[in-house]
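Heads up: the structure comes next, in C-alpha cells.
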Amino acid sequence: MEEFKPESRPSILKTEAINLYYGSFHALKNVTVGIPQRAITAIIGPSGCGKSSLLRVFNRLNDLIPGARLEGNVLLGDDPIYSRTMSVETLRKRVGMVFQRPNPFPMSIYENIIFGPKHHGIKNKGELENILHRSLSQVALWEEVKDRLKKSAFELSPGEQQRLCIARALAMEPDVVLMDESCSALDPESTMKIEELMLELKEKYSIVIVTHNMEQALRISDMAAFIMIDDSKAGTLVEFAPTKNMFSSPKDTRTLDYITGRYG
C-alpha cells in the first residue's frame, strides 16, 4: 500500500477555531482541524469528549438539536457549510453519514439505494439501476442480494444492513463519508469486512470515523485527531497527526496516556 503523505493531500474539510454549544454547555472549544482528501481520518478520545459532536458538525446534524450553536468556520473545499448559500440538502448530498447502528429504511433493498437519487431528481429507470449496481458493488453486496432486491432490507444480517447503509450513502456520490462508530454493534467478521471496505473506498472518498477502538484506528486510519475534555469541561483537540506517528511518538503526554490506557 502506498505510504500516506499528509503534505500531498489537500484538505477536503476544515474547521477554523470552532466552538460548539448545546445551550450553556460548551461541547467543543477552539477546534481547528483539516481532513485530508482520499484518506481515513479517525477521531479518538474518551467518552463524552465531543467526538460525535465534531462529526455531526461536518454535515450540520447538530442543527436538529434545540439550543445548539456553532461559532467559527467550517469549509467543504472552499465552501463555508454554515453560510446561507449552502443548503443543508446539498451539504448532506456531498457529506454522507453512517451511524453506529444500521438504520435501513423500512422498505426494500432496491428502494433503500435509489431513495436519495430519486429525491434529488433522477427518474430514469436505467440510470437508477446503474446507481443501484454501482453502489451495491462498491460495498461487495451485489452478488449477495441481486436476486432479492425487492425483499425488505430488514431481512439482511446486521453486517449486511450496515454495508447497505454505506451503499445508500455512496449512491449520492458524496465527497466525504462520515462513520460514527459504525462497527461497534457488529461481530468481528462483519467488522473486518467494513474495515476492508473502508480501505478500498478511500481510493475515491474521504472518510472520517469516530472510534473507541485504538487497534482499529491504528489498523485503518491515515490521520488521527485526539480530543479530550479540558479543565472547563469542553472538548479540545489535543493532537492531530498521521496515525502511525501519533501512536509511535505522540507529541503530548495526554495522548500517550490515552493510547496506552493510562487515561480514559
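The values are calculated or read from the model by the stated rules, or taken from the named source; none is laboratory data. This is a predicted model, so every value here is computed, not measured. Methodologically, a virtual Cβ is constructed for each residue, glycine included, from the backbone with ideal geometry; neighbour enumeration extends over all protein chains shown. The accessibility values were calculated without ligands, DNA or RNA, using every heavy atom of the protein model including side chains. Shrake-Rupley method; radii C 1.70, N 1.55, O 1.52, S 1.80 Å.
Things worth noting here:
- Rg over Rh, two decimals, the range 92-240 (C-alpha only, Kirkwood Rh): 1.01
- A simple charge model with +1 on the Cβ of Lys and Arg, -1 on the Cβ of Asp and Glu and nothing else charged puts the dipole of the chain at about 600 debye relative to its Cα centre.
- Stokes-Einstein D (µm²/s) once Rh is taken as the Kirkwood radius of the range 1-40 over alpha-carbon pairs, at 25 °C in 0.890 mPa s: 205 µm²/s
- Antiparallel bridge percentage (DSSP; both residues within the range 9-259; nearest 5): 60 percent
- In the chain, helices alone account for a calculated mean residue ellipticity at 222 nm of -9500 deg cm²/dmol, with every DSSP H run of four or more residues adding -39,500 (n - 2.57).
- Heavy atoms of the protein chains alone define the surface here; on that basis the chain has 48 Å² accessible area per residue at 1.4 Å probe size.
- For the range 205-231 and the range 1-65, distance of Cα centres in Å: 10 Å
- Only Cα sites of the chain enter the Debye sum here, all with the same form factor; the resulting log10 I(q)/I(0) across q = 0.07, 0.10, 0.11, 0.13 1/Å is -0.25, -0.51, -0.61, -0.85, listed in q order.
- Distances between placed amide hydrogens fall under 5 Å for Gly72 paired with Asn19, all partners being 5 or more residues away or on another chain.
- Over the range 116-203, the hull volume per residue, using the convex hull of the C-alpha atoms, is 108 Å³.
- Here's the picture: charge each Lys and Arg Cβ at +1 and each Asp and Glu Cβ at -1 in the chain, and of Thr211, Ala17, Asn124 the one pushed furthest to the positive end of that dipole is Asn124.
- Peptides 149-157, 88-96 ranked from most to least packed give 88-96, 149-157, packing being the mean of other C-beta atoms within 10 angstrom over each peptide's residues.
- Hull shadow area, averaged, the range 172-251 [alpha-carbon convex hull, nm²]: 6.6 nm²
- Sorted from greatest to least, the principal axis extents spanned by the alpha carbons of the range 1-123 come out as 44, 43, 33 Å.
- The chain, accessible surface, carbon-and-sulfur percent (1.4 angstrom probe): 50 percent
- Computed on the range 128-173, the Cα convex hull volume stands at 69 Å³ per residue.
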